[in-house]
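Take this structure first; my questions come after.
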Amino acid sequence: MSRIDALIEDMTLAEKLGQLTMTAAGHTVTGPVIAGDSVDAIQAGTVGNLLNLIGADHVHAMQRLAVERSRLHIPVLFALDVTHGHRTLFPVSLAEASLFDPQAWALTAREAAREAAADGIAMTFAPMLDVARDPRWGRSVEGPGESPWVGARMAEAKVRGIQGDALGAADSLAAVAKHYCAYGAVTAGREYASVDLSERTLREVHLPPFEAAVRAGVAAIMPAFTALGGIPMTAHQGLIAGWLRKRLGFEGVVVSDYNAIAELIEHGVAADAAEAAALALRAGVDIDMMAGCYRNGLPVALSRGLVSLAEIDRAVHRVLTLKERLGLFDDPYRRGSSPESVATLARRRQIAREVAARAIVMLTNGARALPLGAAARTLALIGPLADASAEMRGPWWAAAGPEGHVTVLEGLRAALPGSEIRHAPGVAIEGGERGGIAPAVELCEGADAVILCLGEAAVMSGEAASRAHLDLPGEQRALAEAVLQRAHARGTPSIGVLFSGRPLVVPWLAERADALLAAWFLGSEAGHAVADVLTGRISPSGRTAVSWPRATGQIPIFHGERPTGRPADPANHYTSKYLDVPNEPLFPFGHGLTYGSFTLSALSVSPQTLRPGGVLAVRVEVANEGDRAAEETVFLFIHAQPASVSRPTLELKGVAKVRLQPGERGAVGFELPAEGLGCLGADLEPVLEPGEVEILVGPCAERRRLLRASIRVAQ
Ligand code: BGC
């Protein structure tokens, strides 16, 4: 009999339910504490999983209670939201998505996992894979952006990075893909609201990242808080027991979101904790995070005949199997036993700096205000985000305190030691106080360039941070307008640097500033990274993974829309358009400028006729006609029409990058299996239909900038 089967045979019901329970832990002056309970629960074996305990010493002290003092010596699983770094913070996911680089995504995940494992953590609630096309939703910041293709690539890379080569290694964590599923489609972008979408959109847009995570071997999955088509995800038999476990063969752990099982009562599908627990367990949820419904409700559910002991045992088996795979039975102190070296931490900061610089998207640079020339000796650095260490972290910060994250002021001072850098916040991020505007404007006098650091506070995106207005908060617009007016009057170049967890709706700023950078939230090395781009030490290469609306009323907005029977035509009133704004976003998906100047040409595709099992080769030449070395990103889209279903006008199928010196020519190539051109047919099953497929290649999802060729798919 296996170790796990033997344990299960020996366990009391209370001990079993303990393994299905996760609760929050902390450490106070009086010692370890756990939420809603005493630490005796660890010794009693009635809590088997803890979240939010930080520090290897604290983790090991708690672990000793379980391993040395509990009857069955089952180790505790320690989990934390290590989303974009643990102590060293990397850019938030939406920023990282701008790299379009799976290797970099895996690298930062690997580094974050190693740092968290060194703190004793064994599981992270990451990656977050919710495709989001509505920037009102604050959690857009945590995910891959608007494209399911990007979501799937990010899923694979992050799972690889978090879990490493072997889950049992001392520096590996179990990944938890979340939030399954379609959370990004909450009604009106309002946090926790219900979701209603077609089965087709679910399959085409929201499921692919999770499918990719499962295929990459993700250890665990977290259902979303939300209800989908009237069924809360925490109780969704069709999607958990059905699609996930049966169809994809997922054998890992499903861990509920925070208190989500108890919230089934609020959703209106359960009358009490016993019913809620039964619904979740029967759907396939193994661990109850923070609701206490499994511990308190499952015994009642058992007595009412709502669940069976065999169902409980299956869940316990999955949890213990995960603990075994993590190596916790063999050595529960493996993680957190050897502190990391100073050299490792320094190398990690360097990675954070490089990735952060690459995550910056240069939205405009019309007047070629960037990079700052050598003549820029006096800079006016204005705005509430210019010297805001804590904000640089973004909305999750795991074990990182508020200090020590490089600000733009610090970064510029380090990069330009011979320059005078004048700084004033001007206004606060939020609030109505305008008294600082006039003195800030005075700093522009005699400056060689003006840099405005504007945007959201870190906690204005992330969980429970939906916004209906996506302009700059507080009095920042008033500050920016006053500063820009002075800069224009004096002919001083003006540069905007936007910090935000979502695309902001700021067409006025894009128009009036000479250059504009999207800096998202870049993490611990933010200020160095921004300085690297401003000074030209690094040519920006980030490309936005979300469309930037020009008006909030355009939301939801994304590049993969389906055609309409009445395409927009300014000369025809009865066509699909707004009366007051163009349909197109201000900046399309994939947009991002560099200090180079690239042209794409000579698109070739072969074969001209593609058959099932074949591979399509696509090649395009790229030339850097600018005077600086830079990296170009090339996107491959397809559009298949006619087909048996109306397919999106652009479907992303590949991304390639090439770095070229001034005047240099190069090429990028893609290989696409024929099946990759298929779609879900009218019956929602995958099909490769014969007919014409347009191949579109270019620097972003703006149709008129794409080179085109056509091929035929034949049987
Ligand atoms: C969030 C999850 C997170 C969990 C644990 C919840 O409120 O929705 O994303 O993993 O808390 O911190």
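Of the numbered conditions (1) surrounded by fewer than 24 Cβ atoms within 10 Å (Cβ to Cβ); (2) part of a loop (DSSP other than H, G, I, E, B); (3) away from the ligand (no atom under 16 Å from the Cβ); (4) not hydrophobic (A, V, I, L, M, F, W, C), P135 fails exactly one; give the number of that condition.
Looking at each condition in turn, P135 falls short on (1).
Also, quick follow-up: Report yes if some residue within the stretch 465-472 is away from the ligand (no atom under 16 Å from the Cβ) and either surrounded by 24 or more Cβ atoms within 10 Å (Cβ to Cβ) or assigned to a helix (DSSP H, G or I) (or both); otherwise report no.
yes
If I ask for residues that are within 16 Å of the ligand (Cβ to nearest atom) and either in contact with a Pro (Cβ under 8 Å, 6 or more places away or on another chain) or part of a helix (DSSP H, G or I) (or both), which ones from the stretch 43-69 would you list?
Hit for the stretch 43-69 is L53, nothing else.
Considering the stretch 317-334 alone, what residues qualify as being surrounded by fewer than 22 Cβ atoms within 10 Å (Cβ to Cβ) and in contact with a helix residue (DSSP H, G or I) (Cβ under 9 Å, 6 or more places away or on another chain)?
Across the stretch 317-334, the qualifying residues are H317, T321, E324, F329, D330, Y333, R334.
Moving on to the next point. Within the set of pairs 6 or more residues apart or between chains, which connect a residue that is farther than 11 Å from L129 by Cβ inside the stretch 172-185 to a residue that is within 14 Å of the ligand (Cβ to nearest atom) and in a helix (DSSP H, G or I) with Cβ atoms less than 7 Å apart?
L173/A116; L173/I162
Have a look at A457, A447 and point out the one that is more than 16 Å from the ligand (Cβ to nearest atom), at pLDDT 95 or above and under 25 Å from P135 (Cα atoms).
So the residue among A457, A447 that is more than 16 Å from the ligand (Cβ to nearest atom), at pLDDT 95 or above and under 25 Å from P135 (Cα atoms) is A457.
Mind checking which pairs have a first residue in the stretch 486-505 that is more than 20 Å from L522 (Cα to Cα) and a second that is surrounded by 21 or more Cβ atoms within 10 Å (Cβ to Cβ) and among the β-branched types (V, I, T), Cβ under 6 Å, 6 or more apart or different chains?
Listed pairs, sorted by first residue: R486/V441; A487/V450; T492/V450; S494/V450.
Looking only at the stretch 98-117, decide whether some residue is among the acidic types (D, E) and part of a helix (DSSP H, G or I).
Checking the stretch 98-117: at least one residue is among the acidic types (D, E) and part of a helix (DSSP H, G or I).
Residue under question is V408, and the condition is that it be of a type outside the set (D, E, K, R), within 24 Å of H591 (Cα to Cα) and under 18 Å from the mean Cα position of the chain (by Cα); does it hold?
Against the criterion (of a type outside the set (D, E, K, R), within 24 Å of H591 (Cα to Cα) and under 18 Å from the mean Cα position of the chain (by Cα)), V408 does not qualify.
Do we have L248 as farther than 22 Å from N52 by Cβ and in contact (Cβ under 8 Å) with a residue 60 or more places away in the chain here?
Against the criterion (farther than 22 Å from N52 by Cβ and in contact (Cβ under 8 Å) with a residue 60 or more places away in the chain), L248 does not qualify.
Return yes when V76 is surrounded by 24 or more Cβ atoms within 10 Å (Cβ to Cβ), within 16 Å of the ligand (Cβ to nearest atom), at pLDDT 95 or above and of a type in the set (A, V, I, L, M, F, W, C) and no when it is not.
no
Does L129 meet the test of being closer than 20 Å to P223 by Cα, surrounded by 24 or more Cβ atoms within 10 Å (Cβ to Cβ) and either of a type in the set (V, I, T) or within 16 Å of the ligand (Cβ to nearest atom) (or both)?
yes
Which pairs turn up if I take residues in the stretch 55-79 that are within 19 Å of E324 (Cβ to Cβ) and look for partners that are polar (S, T, N, Q) and more than 16 Å from the ligand (Cβ to nearest atom) with beta carbon separation below 6 Å, at least 6 apart in sequence or on another chain?
S70/Q43; V76/Q63
This table checks each residue for (1) part of a loop (DSSP other than H, G, I, E, B); (2) among the hydrophobic types (A, V, I, L, M, F, W, C).
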position: A531; (1), (2): no, yes
position: R543; (1), (2): yes, no
position: P556; (1), (2): yes, no
position: E561; (1), (2): yes, no
position: A568; (1), (2): yes, yes
position: H573; (1), (2): yes, no
position: S576; (1), (2): yes, no
position: L579; (1), (2): yes, yes
position: N583; (1), (2): yes, no
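With within 17 Å of H236 (Cβ to Cβ) and either of a type in the set (A, V, I, L, M, F, W, C) or in a helix (DSSP H, G or I) (or both) as the only criterion, which of L264, L363, L322, L302 stands out?
Residue meeting the stated conditions: L264.
In this structure, is L244 surrounded by 19 or more Cβ atoms within 10 Å (Cβ to Cβ) and in a helix (DSSP H, G or I)?
For L244, the condition - surrounded by 19 or more Cβ atoms within 10 Å (Cβ to Cβ) and in a helix (DSSP H, G or I) - is met.
Another question, then. Checking the conditions here, which among P395, P332 is more than 15 Å from A449 (Cβ to Cβ), assigned by TED's automatic domain parsing to the domain that holds A25 and in a loop (DSSP other than H, G, I, E, B)?
P332 is the lone residue from the list that is more than 15 Å from A449 (Cβ to Cβ), assigned by TED's automatic domain parsing to the domain that holds A25 and in a loop (DSSP other than H, G, I, E, B).
Ok, one more. All but one of (1) modelled with pLDDT under 95; (2) under 24 Å from the mean Cα position of the chain (by Cα) hold for P570; which doesn't?
All conditions are met except number (2).
Something else about it: Consider L20 carefully, then state whether it is at pLDDT 95 or above, surrounded by 17 or more Cβ atoms within 10 Å (Cβ to Cβ), within 19 Å of E115 (Cα to Cα) and within 34 Å of the chain's Cα centre (by Cα).
no
Restricting to the stretch 32-41, name every residue that is more than 16 Å from the ligand (Cβ to nearest atom) and in contact (Cβ under 8 Å) with a residue 12 or more places away in the chain.
Listed by number, the residues that qualify are P32, D37, V39, A41.
Quick one: which of R295, R282, R200 is modelled with pLDDT of 95 or more, more than 16 Å from the ligand (Cβ to nearest atom) and closer than 30 Å to V645 by Cβ?
None of the others qualify; the one that does is R200.
Provide a single number: the residues in the stretch 161-192 that are of a type in the set (K, R) and touching a Lys or Arg at 6+ places or on another chain (Cβ under 9 Å).
Matching residues across the stretch 161-192 total 1.
Going by the conditions given, is A106 touching a Lys or Arg at 6+ places or on another chain (Cβ under 8 Å), closer than 27 Å to G654 by Cβ and within 16 Å of the ligand (Cβ to nearest atom)?
no
Any residue in the stretch 42-53 that is outside the structural domain of R69 (by TED's automatic domain parsing) sitting within a Cβ distance under 9 Å of a residue that is within 12 Å of the ligand (Cβ to nearest atom) and basic (K, R)? List the pairs, counting only those 6 or more apart or interchain.
Between residues of the stretch 42-53 that are outside the structural domain of R69 (by TED's automatic domain parsing) and residues that are within 12 Å of the ligand (Cβ to nearest atom) and basic (K, R), there is no close pair.
Being crowded, with 24+ Cβ neighbours inside 10 Å and away from the ligand (no atom under 16 Å from the Cβ) is the filter; apply it to the stretch 160-169 and report the residue that is farthest from A359 (Cα to Cα).
Applying the filter and picking the extreme gives Q163.
Also: Output the number of residues of the stretch 38-59 satisfying the condition of being more than 17 Å from T12 (Cβ to Cβ) and touching a strand residue (DSSP E or B) at 6+ places or on another chain (Cβ under 9 Å).
11
Answer with yes or no whether I121 is under 24 Å from F329 (Cβ atoms), within 16 Å of the ligand (Cβ to nearest atom) and either aliphatic (A, V, I, L, M) or part of a helix (DSSP H, G or I) (or both).
yes
Just name the residue that is nearest to the ligand (Cβ to nearest atom) out of those in the stretch 209-227 that are touching a Leu at 6+ places or on another chain (Cβ under 9 Å) and either within 20 Å of V645 (Cβ to Cβ) or of a type outside the set (A, V, I, L, M) (or both).
P223
The values are calculated or read from the model by the stated rules, or taken from the named source; none is laboratory data. Here the structure is a predicted model, which is why all the values come from computation and not from measurement. Backbone-built Cβ (ideal geometry, glycine too); neighbour counts: all protein chains shown.
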